[in-house]
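The values are calculated or read from the model by the stated rules, or taken from the named source; none is laboratory data. Only a predicted model underlies this, so the values are computations on that prediction, with no experimental measurement involved. A quick note on method: Cβ atoms are made from the backbone with ideal geometry, for glycine too, and the neighbour counts reach across all protein chains shown. The protein model used for the area step is the full one, side chains on, heavy atoms only, and it has no ligands, DNA or RNA in it. Shrake-Rupley method; radii C 1.70, N 1.55, O 1.52, S 1.80 Å.
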Amino acid sequence: QLQLAEFGGRLVQTGESLRLSCTDSGNIFNYIAIGWYRQAPGKQREWVAGISIGGSTNYSESLNGRFTVSRENTKNMVYLGMKNLEPEDTAVYYCSETWSGTTYWGQGTQVTVSS
């Protein structure tokens with residue numbers, strides 16, 4: 001059973017930057033593609049960004065280039081860098097991985113952007 005954990009969320013003001021981190025309990029983290037998702041109050045969870053095993057990235061077009069996903073395999077970490085944050089970015093952010101047909105989620109980390 002893999003256990004993911006996200007951390008780094010907090011209250012920020014509009015225009016500030018923030019970096020979220022994601023790791024897991026297993027020893028295969030570096031061999032799995034990781035996705036970042038978010039769920040705003042009253043809305044469905046939406047995909048934000050993803051990074052492949054080799055480091056290729058893709059992003060939701062709605063972000064307008066403000067977010068950057070990266071991974072640091074020596075530390076078993078994946079990051080989501082966010083800049084120019086807006087109140088609309090307020091959400092619980094989750095990282096996710098799929099292994100052997102099972103998708104695992106962390107507990108999420110809250111990001112709140114005040115106007």
Query raised in the report: Once phi is turned into ³J(HN,Hα) by the Karplus curve 6.51 cos²θ - 1.76 cosθ + 1.60 with θ = phi - 60°, what whole-Hz value does each residue of region 9-17 show in order, with x for glycine and proline?
Result: x, 6, 7, 9, 9, 3, x, 7, 10
Report summary line: On the accessible surface of the chain, probed at 1.4 Å with all protein chains in place, carbon and sulfur together account for a percent value of 46
Report task. Per residue, how big is the convex hull around the C-alpha atoms of region 1-46? Give it to me in cubic angstrom, could you? Result -> 119
Query - region 5-88 - accessible surface per residue (Å², probe 1.4 Å) - result: 55
Query raised in the report: If you place +1 on the Cβ of every Lys and Arg, -1 on the Cβ of every Asp and Glu, and leave all else neutral, what size is the dipole of region 32-115 about its Cα centre, to the nearest 20 Debye?
Result: 120
Query - Förster radius 41 Å - calculated FRET efficiency between Gln1 and Lys83 (Cβ-Cβ, nearest 0.05) - result: 0.75
Report summary line: Hull surface over four for the Cα convex hull of region 49-115, reported in nm², is 5.5
